[in-house]
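*Asks:* Please find one structure pasted underneath; my questions will follow.
The values are calculated or read from the model by the stated rules, or taken from the named source; none is laboratory data. Since this is a predicted model, take the numbers as computed values, not measurements. Glycine also receives a Cβ, built like all others from the backbone with ideal geometry; neighbour counts cover every protein chain displayed.
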Amino acid sequence: MGSEELRLEALAQMRATVGFDTWAWPVADPDSLLYAGALSDMAPHVLASLRRYFLLQESGADLNPCSLSAFAPRSTAVLSRLTAGDPARSSAWDECLRPHGVGDVMATACREGSGCWGWVIFHRMSGERPFNANEARFMGSLAASLGALARRAYCVAPCADTAPEPPPPGVVIIDEALREAGWTPAARAWLERLTPAQRLILPGIVGRALGQPEQRATASVRLRTKDGTWAMLDGAMLEGGSERLVAITLRAASSDEVLDILGRAHCLTPRETQIVRHLVNGLTTQQTAGELHIAPFTVKHHLKAIFSKVGVSTRGELVSALTGRSSDVKTPV
């Protein structure tokens, strides 16, 4: 089964066990924990109305069950329990979820040894009973399995050979009311490559960039666009003016940036990642062995393990799968 099919099947099992009304399963960049896309059964008009919700959630000034579940000892957080039964203490819920009839929220971090890869988020509507401690514990027991499923969302067949040439870097300027104050033509070309769910990343980046000082360095996210291009979105608050503005740069992710996240997604060891990095730079087995001070046989042994994890049979396929770009290297192990 593919990643999406697996997650939908898992959701059907969880719905039968836990019970919820609506759901979302966003995947995240494990470094910044910013959304990189999502599955959801929420109506498109509801999702489109949640732009301020993502800004508030990422600003650090509001209760954020996702952030809490990603770092707390318990990997599941329930809004009604965080607010002692008064969810209106959360501005994001009060302004953005209550108008759509949402009563309670439970968020489970999809976290395992390689990091947090997103969240499974359940909603119960107003009038339904809140999520209880037993349900939270049950979902917490699934965190590592859900993490493996979310991580698998990154391990899809590469599109490097068919993806169009990426646009040059672009910049869009967004104010704290989420109005676009200006943009370059290249930024518009990048935005057209994002899915509707991925466009909701922009308010999150704005919130992160305008939020607590210690969070601003993490206002970046790597994602695969709908045409297969790997993109990097970096947000930074502009200085020197009277308005609070954020500049978001959209550009093609570098091979190293893609290799970092895909290496983790495929569970490569640090040594295996080193070897792939040398292959990406065009080194032979002998040269790689010399650089790492190991025997060529050891390099070949690692390569066999890497090929098995990634599901490829040639070095060219490996470079393509782990960097998001095509390669002319055809030599097998």
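*Asks:* Can you tell me which of (1) modelled with pLDDT of 90 or more; (2) within 30 Å of Ile201 (Cβ to Cβ) is the one Gly240 doesn't meet?
*Replies:* (1)
*Asks:* Hey, among Gly316, Gly235, Gly228, which residue is surrounded by 17 or more Cβ atoms within 10 Å (Cβ to Cβ), farther than 30 Å from Arg111 by Cα and either of a type outside the set (A, V, I, L, M) or in contact with a Ser or Thr (Cβ under 6 Å, 6 or more places away or on another chain) (or both)? Steps first, please.
*Replies:* Working: Gly235 fails: farther than 30 Å from Arg111 by Cα; Gly228 fails: farther than 30 Å from Arg111 by Cα.
Result: Gly316 is the single residue among Gly316, Gly235, Gly228 that is surrounded by 17 or more Cβ atoms within 10 Å (Cβ to Cβ), farther than 30 Å from Arg111 by Cα and either of a type outside the set (A, V, I, L, M) or in contact with a Ser or Thr (Cβ under 6 Å, 6 or more places away or on another chain) (or both).
*Asks:* Additional query: Regarding Thr184, is this residue at pLDDT below 95, farther than 21 Å from Ser114 by Cβ and of a type in the set (Ser, Thr, Tyr)?
*Replies:* On the way: at pLDDT below 95: no; farther than 21 Å from Ser114 by Cβ: yes; of a type in the set (Ser, Thr, Tyr): yes.
Here the answer is no, as Thr184 does not meet what is asked.
*Asks:* Further question: What is the one condition in (1) surrounded by fewer than 22 Cβ atoms within 10 Å (Cβ to Cβ); (2) over 25 Å from Arg264 (Cβ atoms); (3) under 22 Å from the mean Cα position of the chain (by Cα) that His123 does not satisfy?
*Replies:* (1)
*Asks:* Which of the residues spanning segment 107-125 are at pLDDT below 95 and of a type in the set (S, T, N, Q)?
*Replies:* The one that is at pLDDT below 95 and of a type in the set (S, T, N, Q): Ser114.
Okay, residues lined up against (1) under 23 Å from Thr298 (Cα atoms); (2) without any contact (Cβ under 8 Å) to a residue 24 or more places away in the chain; (3) touching a Leu at 6+ places or on another chain (Cβ under 9 Å); (4) not in a strand (DSSP E or B):
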site: Val258; (1), (2), (3), (4): no, no, yes, yes
site: Gly263; (1), (2), (3), (4): yes, no, yes, yes
site: Cys267; (1), (2), (3), (4): yes, no, no, yes
site: Arg271; (1), (2), (3), (4): yes, no, yes, yes
site: Val276; (1), (2), (3), (4): yes, no, yes, yes
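*Asks:* Okay, moving on. Does Leu250 satisfy the condition of being part of a strand (DSSP E or B), over 25 Å from Ser91 (Cβ atoms) and touching a Gly at 6+ places or on another chain (Cβ under 8 Å)? Step through it out loud before you land on a result.
*Replies:* Values: part of a strand (DSSP E or B): yes; over 25 Å from Ser91 (Cβ atoms): yes; touching a Gly at 6+ places or on another chain (Cβ under 8 Å): yes.
Here the answer is yes, as Leu250 does meet what is asked.
*Asks:* Which residues, counting only those in segment 20-46, are more than 17 Å from the chain's Cα centre (by Cα) and at pLDDT below 95?
*Replies:* Asp41, Met42, Ala43, Pro44, His45, Val46
*Asks:* State whether the residues of segment 187-210 include one that is farther than 28 Å from Val246 by Cα, in contact (Cβ under 8 Å) with a residue 40 or more places away in the chain and in a helix (DSSP H, G or I). If you could, list the steps in order and put the result at the bottom.
*Replies:* Looking only at segment 187-210, we keep the residues that are farther than 28 Å from Val246 by Cα, and these are none.
Within segment 187-210, none of the residues are farther than 28 Å from Val246 by Cα, in contact (Cβ under 8 Å) with a residue 40 or more places away in the chain and in a helix (DSSP H, G or I).
*Asks:* Exactly one of these conditions fails for Thr273: (1) surrounded by 15 or more Cβ atoms within 10 Å (Cβ to Cβ); (2) hydroxyl-bearing (Ser, Thr, Tyr); (3) touching a strand residue (DSSP E or B) at 6+ places or on another chain (Cβ under 7 Å). Give me its number.
*Replies:* Every listed condition holds for Thr273 apart from (3).
*Asks:* Name the residues in segment 10-55 that are over 27 Å from Asn134 (Cβ atoms), surrounded by fewer than 20 Cβ atoms within 10 Å (Cβ to Cβ), out of contact with any Cys (no Cβ under 8 Å at 6 or more places or on another chain) and of a type in the set (Gly, Ala, Ser), would you?
*Replies:* Ala43, Ala48
*Asks:* Let me ask another. What number of residues in segment 212-225 are crowded, with 20+ Cβ neighbours inside 10 Å and touching a Leu at 6+ places or on another chain (Cβ under 9 Å)?
*Replies:* If we filter segment 212-225 for residues that are crowded, with 20+ Cβ neighbours inside 10 Å, which is where we start, we get 219-225.
Right, trim to touching a Leu at 6+ places or on another chain (Cβ under 9 Å) and you get 219-223, 225.
Residues in segment 212-225 being crowded, with 20+ Cβ neighbours inside 10 Å and touching a Leu at 6+ places or on another chain (Cβ under 9 Å): 6 in total.
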